[in-house]
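The next block holds one structure in the form of structure tokens; read it before the comments.
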Amino acid sequence: MKRVLIATEKPFAPAAVESIQKVFKASGYQATMLENYTEKSALLEAVKTAEAIIIRSDKIDAEVIGAAPDLKIVVRAGAGYDNVDLAAATAKGVVVMNTPGQNSNAVAELALGMMVFQARGQFNGKPGTELKEKTLGIHAYGWVGKNTARIAKGFGMKVYGFDPYVENSKMEADGVTPVESAEDLYSRCQYISLNIPANAETKQSIGAKLLGSMPKGATLVNTARKEVIHEEELLQVFADRDDFRYLTDIAPDCADALVEKYPGRYFATPKKMGAQTAEANTNAGIAAAEQIVAFLEKGDETYRVNR
Ligand code: 3PG
């Protein structure tokens with residue numbers, strides 16, 4: 001009987017867990033849950049016998065991989081896999097996959113929700129503004145970007161996109177105007193939805209030059225990763241312009257300073273919750289479970305992210 005561990009410090013919705021268990025039961029696999037754990041030692045203990053692991057933002061580093069001698073595959077039920085040490089996995093012959101697109105609508109809905117919340121003065125009872133006719137720049141046009149564009153167009157926003165890895169024709173087909181550089185995107189858009197992954201190229205890449213160039217009423221929406229922001233420069237932009245606003249699903253290290261100095265211009269969710277819907281959990285969880293079965297039974301490596 002193959003042994004799978006579902007390790008989620010931030011648990012899936014109960015409906016998603018039920019669906020995941022169903023997939024493994026149908027294949028005759030044994031699936032063990034490790035939810036809400038607070039110590040790494042619990043994860044190190046739980047992985048000892050696992051051949052496959054499903055995770056969310058849980059950290060899988062060289063120590064965890066080293067503690068799992070039978071491990072063959074790790075599937076990140078979600079998009080970003082910056083929480084997995086890919087080199088350590090590759091060195092041990094462990095396949096790493098993600099489940100692209102499965103939770104993207106949930107993240108996009110949160111991005112638009114935060115934009116409405118801010119446009120209405122964080123629901124302070126005073127007259128706010130509307131999203132209709134405002135410019136929105138989508139920085140990275142992957143699954144979240146595509147869904148954000150679809151919903152924003154429903155609000156009547158003018159949507160622009162920048163992504164050096166996506167053909168212009170793909171954005172144009174969605175009614176999105178592609179631009180040639182990040183500088184161009186930021187300088188023309190009142191709202192920016194940040195969807196870039198965190199990697200060596202993008203870390204601290206969003207700073208004063210881009211944010212300072214945004215038009216009046218600039219609002220940055222970050223549902224990606226905190227590491228992509230240059231925090232010192234973010235603080236400088238807040239100090240330099242009183243119209244700048246920052247909405248994020250991942251609180252920055254400088255959160256206390258922003259809360260204290262700039263009330264009404266900053267908002268962070270209490271815990272990363274872009275993908276926290278029953279639907280997103282179920283879609284990503286089932287995809288992860290099916291990918292594990294397809295890999296262990298047939299060697300299917302679709303969605304592998306390490307080589
Ligand atoms: C992702 O990369 O898929 C999102 O950031 C969601 O992360 P989560 O599963 O930890 O909520």
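The values are calculated or read from the model by the stated rules, or taken from the named source; none is laboratory data. Just so we're clear, the structure is a prediction, and the values are computed from it rather than from any experiment. Here the Cβ positions follow ideal geometry from the backbone for every residue, glycine too, while neighbour counts run over all protein chains shown. SASA here: full protein model, heavy atoms, side chains in, ligands and nucleic acids out. Shrake-Rupley method; radii C 1.70, N 1.55, O 1.52, S 1.80 Å.
Restricting the search to the range 251-277, which residues are within 16 Å of the ligand (Cβ to nearest atom), free of Cβ contacts under 8 Å to residues at least 40 places away in the same chain and open to solvent by 30 Å² or more (accessible area, probe 1.4 Å)? Residues satisfying the conditions are 251, 270. The residues on offer are 142, 137, and the sole one that is closer than 22 Å to residue 206 by Cα, surrounded by 13 or more Cβ atoms within 10 Å (Cβ to Cβ), out of contact with any helix residue (DSSP H, G or I) (no Cβ under 6 Å at 6 or more places or on another chain) and of a type outside the set (A, V, I, L, M, F, W, C) is 142.
Of all residues in the range 202-215, one or more are away from the ligand (no atom under 16 Å from the Cβ), in contact (Cβ under 8 Å) with a residue 24 or more places away in the chain and among the β-branched types (Val, Ile, Thr).
Screening the candidates 290, 301, 227, 297 for the property of being within 13 Å of the ligand (Cβ to nearest atom) and under 30 Å from residue 93 (Cβ atoms) yields one hit, 227. Going residue by residue through the range 81-92, is there one that turns out to be free of Cβ contacts under 8 Å to residues at least 24 places away in the same chain and within 23 Å of residue 281 (Cα to Cα)? No, because not a single residue in the range 81-92 is free of Cβ contacts under 8 Å to residues at least 24 places away in the same chain and within 23 Å of residue 281 (Cα to Cα).
Screening the range 236-250 for residues that are touching a helix residue (DSSP H, G or I) at 6+ places or on another chain (Cβ under 8 Å) and of a type in the set (Asp, Glu) and picking the one that is nearest to the ligand (Cβ to nearest atom) gives 249.
Applying a threshold of 6 Å to beta carbon distances and a minimum spacing of six or more residues, or different chains, the list of pairs starting in the range 6-25 at a residue that is free of Cβ contacts under 8 Å to residues at least 12 places away in the same chain and ending at one that is more than 11 Å from the ligand (Cβ to nearest atom) reads 21/31. The set of residues in the range 149-177 that are among the basic types (Lys, Arg) and in a helix (DSSP H, G or I) comprises 150, 153, 170. Of all residues in the range 46-62, none that is open to solvent by 30 Å² or more (accessible area, probe 1.4 Å) and β-branched (Val, Ile, Thr) has its Cβ atom under 7 Å from the Cβ atom of a residue that is in a helix (DSSP H, G or I) and away from the ligand (no atom under 13 Å from the Cβ), 6 or more apart or on another chain.
Exactly one condition in (1) touching a residue at least 60 places away in the same chain (Cβ under 8 Å); (2) farther than 16 Å from residue 285 by Cβ; (3) within 16 Å of the ligand (Cβ to nearest atom) is not met by residue 95; state its number. (3) is the only condition that residue 95 fails.
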